[in-house]
DNA sequence: GATAATTATGTAATTAAATTTCATTCTTTT
DNA sequence: AAAAGAATGAAATTTAATTACATAATTATC
């Protein structure tokens, strides 16, 4: 359970499951972890408005032997400057503040994913994708771009790949699934109707249904293999969907996994692809900064 | 004097100047700093064969307020988990190693971008995009997905947006640019021929040409506004392009910037968009983990 | 919807750890 | 070789963290 590295990510992912005072402590720590490493247990308790033993218990629940030990963990997972609480962009933000906020949120989401990597699910998905005769990547809205990216990457293998966003196409193709087809659905919420329906349909055909989504969602229920990711809630904040970034990196993982599974053959094939791209590039010129 | 960060380097350089017992302490700490962060003052003293006050004085001489503070300094100069060097996936990697490598590379790229944010370029790009009557996002290969994502995001404003990957379309549309059009080109290398040609073409029409690319590239030279990003070179490692992730986050920044520039009107519009998405979702169900 | 069981939290007592004081022992200088 | 100065350790003190216990809040059960 206690992963030792990156207590901050650990706290972040535990946040929704925490009790009232534990959450108060967690928030104080996440807001200014650097300060927390220098504070005494009394000071932190006072900051959070809880008692000292509560802080102590909080530390122990995270796997530390006590408060001083917790501070060491904290110090070790600290990256200078980064904001660990999800930050919301508001009307007061300027070009000096919102870019950093967005970056920090993204970096956080990735660090969280790093802590709770669903390795077994990835492995199983890689197996299915490797064995597939035909692969469909389906996602709508923001996830359509992720699906497109996946298609583009898997296109480099000899497998036949397709992406669609049109509801009718989705439905038709899902209904026509066959034994060695893989349907890969991408949805942050797992509650987008078109996607859920298509997944349910595909599951009845004998094809393999993989979903990258919230594990507690209708889409997950309809799927054979679920890549569940722990992503800080920002469904409502449609401006910057950190989830899609995490999804893209997971796609990278799947492509990498399949390539490795193909062994020499796969790696060689990629080398050839790389070669073929070269003529489309202009020669590299001397570095010369432009303002 | 006291450098706060990197106590280890500090101790190392001070080593020859230290007294007998201080050196004994220093050696124990340097031999296994990780263990030192977990040891009590009594334990460390015993390890070094000195008294507890000696250890305490050692810490103070280094600038810490005392032993516990010193341990925090030590912990902070011990970088946990995250690998800061770009890591290459090789044939020996397994599902337990390559996902983390990919994530670490991505996180690193984002942290790098965070350090060297081209705020002025972003601001200027936001200005152009805000004022534009029509926007084209052009990218091919991996960057096509980024362009698509940008289109999807900017579509939410009233401005007309389009993306194309077909070389002929690119050329035609670029040639037909008008004064209040914005052509936004995305290319990691800035050397993709189709893109460079299209940019040069567009620049002759009086339209504004923005490029998100390597600042020392033909594409940058052809553009009016360059969003130059410092991304670790991994062009050759086509499996996982970290650049596209950074590009996507920059797109988020631009959308955010334009939204903020639009003020109340923009924010309200987004609120309406959010509302309109709700009916496409199925109701949220009780959390129920699926293995 | 009330009651029991469980879990969460705080107060006070305790224990552990780190720090200071002061006496002693080494160095270094003349 | 003697005296000053710095370094070190033993013991006392202080500070901080932890445990034990009582109370409050929550959740489950009937």
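Kindly check whether there is at least one residue in the range A:86-95 that is assigned to a helix (DSSP H, G or I), facing chain B (nearest Cβ under 8 Å) and buried (at least 20 other Cβ atoms within 10 Å of the Cβ). Within the range A:86-95, not a single residue is assigned to a helix (DSSP H, G or I), facing chain B (nearest Cβ under 8 Å) and buried (at least 20 other Cβ atoms within 10 Å of the Cβ).
Taken as a whole, the range B:40-58 holds no residue that is in a helix (DSSP H, G or I) and within 8 Å of chain A (Cβ to nearest Cβ).
Residue-wise test of (1) away from DNA strand C (no atom under 16 Å from the Cβ); (2) under 20 Å from the mean Cα position of the chain (by Cα); (3) under 20 Å from residue A:250 (Cβ atoms).
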residue	(1), (2), (3)
A:53	no, no, no
A:57	no, no, no
A:76	yes, no, no
A:83	yes, yes, no
A:89	yes, no, no
A:104	yes, yes, no
A:113	yes, yes, yes
A:131	yes, no, yes
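The selection criterion, being closer than 19 Å to residue A:68 by Cβ, within 14 Å of another protein chain (Cβ to nearest Cβ) and touching a residue at least 24 places away in the same chain (Cβ under 8 Å), holds for residue A:36. Remark: pairs (first residue in the range A:148-162, within 12 Å of chain B (Cβ to nearest Cβ); second residue at pLDDT 90 or above and surrounded by fewer than 18 Cβ atoms within 10 Å (Cβ to Cβ); Cβ separation under 8 Å; 6+ apart in sequence or on different chains) = A:151/A:162.
The single residue among A:189, A:165 that is more than 30 Å from residue B:97 (Cβ to Cβ), within 11 Å of chain B (Cβ to nearest Cβ), more than 15 Å from the chain's Cα centre (by Cα) and at pLDDT below 90 turns out to be A:165. Counting the residues of the range A:71-85 that are within 11 Å of chain B (Cβ to nearest Cβ) and in a loop (DSSP other than H, G, I, E, B) gives 7.
Residues in the range B:184-195 that are outside any strand (DSSP E or B) and in contact with a helix residue (DSSP H, G or I) (Cβ under 7 Å, 6 or more places away or on another chain): B:187, B:188, B:190, B:191, B:193, B:194, B:195. Restricting to the range A:31-51, name every residue that is crowded, with 19+ Cβ neighbours inside 10 Å and away from DNA strand C (no atom under 15 Å from the Cβ). Of everything in the range A:31-51, those that are crowded, with 19+ Cβ neighbours inside 10 Å and away from DNA strand C (no atom under 15 Å from the Cβ) turn out to be A:33, A:36. Here A:175, A:222 are screened, and the one residue that is surrounded by fewer than 20 Cβ atoms within 10 Å (Cβ to Cβ) and in contact with a helix residue (DSSP H, G or I) (Cβ under 7 Å, 6 or more places away or on another chain) is A:175. Of the residues examined, residue B:109 is not one that is closer than 30 Å to residue A:258 by Cα, more than 8 Å from chain A (Cβ to nearest Cβ), modelled with pLDDT of 90 or more and surrounded by 21 or more Cβ atoms within 10 Å (Cβ to Cβ).
Residue check: is residue A:68 assigned to a helix (DSSP H, G or I), within 32 Å of the chain's Cα centre (by Cα) and within 12 Å of DNA strand D (Cβ to nearest atom)? It is true that residue A:68 is assigned to a helix (DSSP H, G or I), within 32 Å of the chain's Cα centre (by Cα) and within 12 Å of DNA strand D (Cβ to nearest atom). Going by the structure shown, is residue A:21 over 27 Å from residue B:78 (Cα atoms), modelled with pLDDT under 90 and part of a helix (DSSP H, G or I)? Yes; evaluated as a whole, the condition is true for this residue.
Condition check ((1) at the interface with chain A (Cβ under 9 Å from one of its Cβ atoms); (2) in contact with a helix residue (DSSP H, G or I) (Cβ under 9 Å, 6 or more places away or on another chain); (3) at pLDDT 90 or above; (4) not in a loop (DSSP other than H, G, I, E, B)) across all residues:
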| position | (1), (2), (3), (4) |
| --- | --- |
| B:182 | no, yes, yes, yes |
| B:197 | no, yes, yes, yes |
| B:210 | no, yes, yes, yes |
| B:234 | no, yes, no, no |
| B:266 | no, yes, no, yes |
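Being near DNA strand D (Cβ under 10 Å from one of its atoms) and either out of contact with any helix residue (DSSP H, G or I) (no Cβ under 8 Å at 6 or more places or on another chain) or more than 14 Å from chain B (Cβ to nearest Cβ) (or both) is a property that residue A:16 lacks. Taken together, the residues in the range B:59-70 that are within 9 Å of DNA strand C (Cβ to nearest atom), surrounded by fewer than 16 Cβ atoms within 10 Å (Cβ to Cβ) and either modelled with pLDDT under 90 or within 14 Å of another protein chain (Cβ to nearest Cβ) (or both) amount to 2. Residues being under 29 Å from residue B:163 (Cβ atoms), more than 7 Å from chain B (Cβ to nearest Cβ) and not in a helix (DSSP H, G or I) are entirely absent from the range A:114-130.
The values are calculated or read from the model by the stated rules, or taken from the named source; none is laboratory data. Every value quoted in this text rests on a predicted model; they were computed, and no experiment measured them. Glycine also receives a Cβ, built like all others from the backbone with ideal geometry; neighbour counts cover every protein chain displayed.
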